[in-house]
Amino acid sequence: MTRTPLIAIGSYRDWDIAAMRDSHDLHLLGAPEAIAGLAPDLRAAVRALAYQGHRPLGAATFEQLPALGLVANYGVGYDAIDVAAATRRGIRVTNTPDVLNDDVADLAVGMMLAFSRNMMANADWLAKGRWAERGDPPLARKMSGARAGIMGLGRIGREIANRLAAFKMQIHYHSRAAKDTPEGWVWHRDPAGLAAHCDYLIVALVGGKATEGYVSARVIDALGPDAVIVNISRGSTIDEGAMLEALEAGRIRGAALDVFRSEPALDPRFLKLGNVFLQPHQGSATIETRKGMGQLQRDNIAAFLGGRPLLTPVN
Ligand code: NAP
């Protein structure tokens with residue numbers, strides 16, 4: 001029996017590759033540009049593409065795959081995929097929401113604690129023998145009980161808010177409309193209004209053109225000198241230049257960031273700062289969650305090829 005061809009783009013783990021090979025004639029590629037090198041009869045037959053990565057994927061790729069009907073993204077954020085171009089060609093797009101909420105929220109809280117309690121510097125203090133030589137390191141700052149401002153109370157934003165509520169933090173949030181929330185959570189219509197009412201501004205927006213620079217210079221200016229920016233969304237959601245200036249000038253207390261505009265080659269100014277805690281885009285990066293994301297991606301592909309409703313469609 002001939003198996004359905006499947007193109008998978010990205011750097012997949014062995015367990016994902018094995019599972020895709022089990023049910024497909026798999027063509028594993030490093031980048032969209034490699035599609036041009038596939039045999040014409042294969043390109044003409046491919047109906048589904050598994051995508052992983054942050055490089056743009058759009059019309060130029062779709063044109064090379066005339067029978068393509070599905071792009072199954074590995075990740076909830078699909079800002080790298082030109083969904084409008086896909087829709088114009090009748091191509092469905094799916095993503096992997098919810099299965100990663102816990103991990104991204106855990107990392108956000110972990111970064112906040114690590115930053116506030118000087119965990120990196122304190123570990124370094126101990127490792128370098130300063131504890132014995134000089135005594136205790138400088139005091140840190142308290143996180144519990146402070147004001148959290150969630151920019152974007154979506155799936156991940158809400159998980160972050162739930163966790164921070166357990167840290168006795170006052171929950172403020174901005175979304176385009178007020179949401180049904182536990183009593184006491186405060187909605188702010190204006191993003192700058194949220195910034196003016198929080199000690200930690202946690203950005204959990206979608207990426208893409210619609211939210212480009214949403215945390216603008218105006219929003220950053222509204223933060224107080226004691227405020228910390230936390231970003232687990234996309235680098236594009238913050239005016240990075242304005243944030244760097246505020247960090248360099250000490251106009252805000254600091255930032256805990258998992259995502260950057262030009263990642264992985266981030267702006268070198270970040271590495272000179274002493275008031276940041278930086279992570280290399282690790283929000284969903286656990287074995288358990290990545291396995292769940294791969295499974296959901298494959299379930300969407302199986303549903304599409306089997307003529308069943310998609311599990312998590314985007315368009
Ligand atoms: P979601 O449930 O769709 O929530 C996204 C939030 O973005 C919502 O609050 C929504 O606002 C807001 N939003 C969407 N379009 C907007 C617009 N045009 N203007 C203003 N706000 C807008 O998404 P999610 O599942 O929580 O995921 C959020 C993002 O996290 C993903 O898109 C991805 O980029 C990022 N992420 C990062 C990592 C990581 O490794 N760091 C891992 C996973 C996801 P409303 O509340 O007004 O609807």
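The values are calculated or read from the model by the stated rules, or taken from the named source; none is laboratory data. On a predicted model such as this, the values are computed, not experimentally measured, just so you know. In this analysis, Cβ positions are derived from the backbone assuming ideal geometry, glycine residues included, and neighbour counts consider all displayed protein chains. What goes into the accessible areas is simple: the full protein's heavy atoms, side chains included, and nothing from ligands, DNA or RNA. Shrake-Rupley method; radii C 1.70, N 1.55, O 1.52, S 1.80 Å.
Under a Gaussian network description of the chain, with springs only between Cα atoms under 10 Å, the residue in 29, 257, 126 that fluctuates furthest is 126.
If you run the Gaussian network model on the chain, springs between alpha carbon atoms under 10 Å, then out of 258, 106, 136 the most flexible one is 136.
Taking every C-alpha pair closer than 8 Å and separated by at least 6 residues, the mean separation divided by the residue count of the range 101-278 gives a relative contact order of 19 percent. Comparing 303, 178, 241 along the charge dipole axis of the chain, the residue lying farthest to the positive side is 178, per the Cβ-charge model. Taking 20 °C and 1.002 mPa s as conditions, the chain diffuses translationally at an estimated 101 µm²/s according to Stokes-Einstein applied to its Kirkwood radius (Cα pairs). Summed over the residues of the range 26-166 and divided among them, the accessible surface reaches 47 Å² per residue at a probe radius of 1.4 Å. For the range 101-278, a crude dipole built from +1 on the beta carbon of Lys and Arg and -1 on the beta carbon of Asp and Glu, taken about the Cα centre, is about 220 debye to the nearest 20. The charge dipole of the range 4-86, taken about its Cα centre with unit charges on the Cβ atoms of Lys, Arg (+1), Asp and Glu (-1) only, comes to about 20 debye.
Computed over protein heavy atoms with a 1.4 Å probe, the carbon and sulfur contribution to the accessible area of the chain reaches 54%. Residues considered: 124, 239, 16. Largest GNM mean-square fluctuation over the chain, using C-alpha springs under 10 Å, is found at 124.
For the range 127-280, rounded, prolate or oblate, judged on the Cα gyration tensor with a ≥ b ≥ c (square roots of eigenvalues), a/c < 1.5 rounded, else prolate if a/b > b/c? Taking the square roots of the gyration eigenvalues as a ≥ b ≥ c, the range 127-280 is oblate.
Kirkwood radius and radius of gyration were both taken over the C-alpha atoms of the range 101-169, and their ratio Rg/Rh is 1.12.
Classify the range 1-63 as rounded, prolate or oblate from the Cα gyration tensor: take a ≥ b ≥ c as the square roots of its eigenvalues, call it rounded if a/c is under 1.5, otherwise prolate when a/b beats b/c and oblate if not. Judged from the Cα gyration tensor, the range 1-63 comes out oblate (a/c at least 1.5, b/c at or above a/b).
Each of 71, 95, 154 was scored by the projection of its Cα onto the charge dipole of the chain, and the greatest displacement toward the positive side belongs to 154; charges sit on the C-beta of Lys, Arg, Asp and Glu. Here is how the number arises for the chain: DSSP H runs of 4 or more residues each give -39500 (n - 2.57), the sum is divided by the residue count, and the result at 222 nm is -10000 deg cm²/dmol. Residues whose amide H comes within less than 5 Å of that of residue 199, counting only those at least five positions distant or on another chain, are 147, 148, 149 (H built at 1.01 Å from N in the peptide plane). Note: relative contact order over the chain, using C-alpha pairs below 8 Å and six or more positions apart, is 17 percent. Computed about its Cα centre, the charge dipole of the chain is approximately 240 debye, with only Lys, Arg, Asp and Glu carrying charge at their Cβ.
If you take the Cα centroid of the range 240-315 and the Cα centroid of the range 185-215, the two points sit 17 Å apart. Please compute the net charge surrounding residue 126, taking Lys and Arg as +1 and Asp and Glu as -1 over other residues with Cβ under 14 Å from its Cβ. Net charge around residue 126: +1.
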